[in-house]
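Asks: Shown below is the structure under consideration.
None of the figures in this text is laboratory data; all of them are computed from the coordinates on show. Worth saying up front: this structure is predicted, and the values here are computed from it rather than measured. Note: ideal-geometry Cβ built from the backbone for every residue, glycine included; neighbour counts use all protein chains shown.
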Amino acid sequence: MNKPKHEKILLQFDEESNFADCEIRSELSTVARTGSNLWLAFDEGLGLERLTINDKGYGNHIRYLMSDFIHLPGGEDEIDIEGIAYADHYLWLVGSHSLKRDKPEKDESLSKQVKALKKIKNDPNRYTLARIPVVLNKKTGEHELFKECPHPEDPKKMLTAAKVKAGKKQSKLSKALRNDKHISPFMHLPGKDNGLDIEGIAVHKGRIMLGLRGPVLRGYAIILEVAVKEKKKGKKLKLKKIGKHGNRYRKHFVHLRGMGIRELAYADNDLLILAGPTMDCDGTIALYRMKNGPDDAKESITHRDGIERIFNIAMGHETPYGKDKAEGVTLTEDHNIMVVYDAPADERMVGNSDAYADVFEYKS
């Protein structure tokens, strides 16, 4: 399978926006585009990063803190934003909804390293499913986030930041999944252990698709479809009952040859799926296309011969272990595919804070 023509594009981050223990460019988890702006998130943060197109790539880095727009029950705990999507003057974002296992550190004693692998954390902010108004400032040409603002095409209608209710240990979505026969057995497992792990979101014609990195069941990955209704004048969101037996979600199974979902994005009516290993291991990362997306108004299952594998982004043996993990996908202004990477390889790094993304030629 030949990789299409592609070129590198520079993402320029403000060096002062890096954190003491990590660089933003090294932890990118998702990307979405609105006009000339890119919106990115990174694993350890509490905000969204906005870049603007320029003659070198994308720069003029601005950070928006999510606590300025929505309530975060975990305070300064990471949100672990794994998906961003744009639709109808809103940026939608989703946290992983996953548990987290501690990582052993090489410079610690053997007993401490073994003990670390026993510890499982539950960060409340990871249960975020929210939307934030994003509106074009016609004077600057930049898209800006608001907690509340008039709809740009209907000033009598207000756009409001809102989220699905979540508490210290779960959200309304994770609560609903605890009785699911496919997913509930994996909810006590951390995300990187094939436990529940949301890693992508796509919104199209009112349908909200959440891609699961795990669990993967006999080669089939899972897309959860949810729908919301507004409460309290749009300042709160509630999950609608759209599934079987009054469930607040639908399941769409898709055979990705054993891979989990790393990101979702719509290209016109087609759903693009970035797929890769669900566990912490080397493996192929590939881009798939589901023509017209999942079936409407019912659950579905798509077998291996029912989905198109467009191209491989990387094979496991092509990069050093743990490097160049494709995590985010969005369409460029000329309808090509941009891919951003977690743990970028050394050749992607520029200076102290910048990194290259890839733009692949896309034929619809």
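Asks: Using 0.36 nm per residue, how much length does the chain from PHE311 to ASP295 gain when fully extended, once their Cα-Cα distance is taken away?
Replies: The PHE311-ASP295 span can extend by a further 3.4 nm.
Asks: Treating only the Cβ of Lys, Arg, Asp and Glu as charged (+1, +1, -1, -1), what charge dipole size does region 292-364 show about its Cα centre? Round to the nearest 20 debye.
Replies: 200
Asks: Please go through region 1-74 and write out the trypsin sites (Lys or Arg not before Pro) that DSSP classes as loop and that have at most 13 other C-beta atoms within 10 Å.
Replies: When the trypsin sites (Lys or Arg not before Pro) of region 1-74 are filtered for loop state and at most 13 Cβ neighbours within 10 Å, LYS5, LYS56 remain.
Asks: Still on this structure, I have one more. Taking R0 as 41 Å, what FRET efficiency do you get between SER36 and LYS157 from their Cβ-Cβ distance, rounded to the nearest 0.05?
Replies: That pair, SER36 with LYS157, gives E of 0.95.
Asks: Compute the convex hull volume of the Cα atoms of region 324-364, divide it by the residue count, and report the result per residue in Å³ as a whole number.
Replies: 78
Asks: May I pose another question? When all alpha-carbon pairs of region 112-230 are counted, what percent fall beyond 22 Å?
Replies: Tail of P(r) above 22 Å: 49 percent of Cα pairs.
Asks: Also: Compute the whole-percent fraction of alpha carbon pairs in region 223-310 spaced more than 19 Å apart.
Replies: 49
Asks: Contour minus end-to-end for CYS281 and LYS119, with contour as 0.36 nm per residue of separation and end-to-end as the Cα-Cα distance?
Replies: The CYS281-LYS119 span can extend by a further 56.3 nm.
Asks: May I ask what percent, to the nearest 5, of DSSP beta bridges between residues of the chain are antiparallel?
Replies: The antiparallel proportion sits near 95 percent.
Asks: Compute the separation of the alpha-carbon centres of region 172-231 and region 242-278 and state it in Å as a whole number.
Replies: What the calculation gives is 9 Å, centre to centre.
Asks: Please give, to one decimal in nm, the separation of the simple spin-label points placed at LYS8 and LYS240, each 7 Å out from Cα toward the Cβ.
Replies: Computed distance between label sites LYS8 and LYS240 equals 4.6 nm.
Asks: If I histogram all Cα-Cα distances within region 241-281 using bins 5 Å wide from 0, what percent of pairs lands in each bin?
Replies: Reading upward from the zero bin: 6, 18, 18, 20, 18, 16, 4, 1.
Asks: Where in region 92-181 are there GluC sites (Glu not before Pro) that are in a DSSP coil and have at most 14 other Cβ atoms within 10 angstrom of their Cβ?
Replies: Sites meeting the loop and neighbour criteria: GLU105, GLU108, GLU153.
Asks: Please give the contour-minus-distance gain from ASP68 to GLU105: 0.36 nm per residue of separation, less the Cα-Cα distance, rounded to one decimal in nm.
Replies: Between ASP68 and GLU105, full extension yields 9.9 nm more.
Asks: Work out the P(r) tail for region 127-186: percent of alpha carbon pairs separated by more than 13 Å, whole number.
Replies: Result for the distance tail: 71 percent.
Asks: Within region 241-341, report the chymotrypsin sites (Phe, Trp or Tyr not before Pro) that DSSP leaves as loop and that have at most 12 other Cβ atoms within 10 Å.
Replies: TYR321
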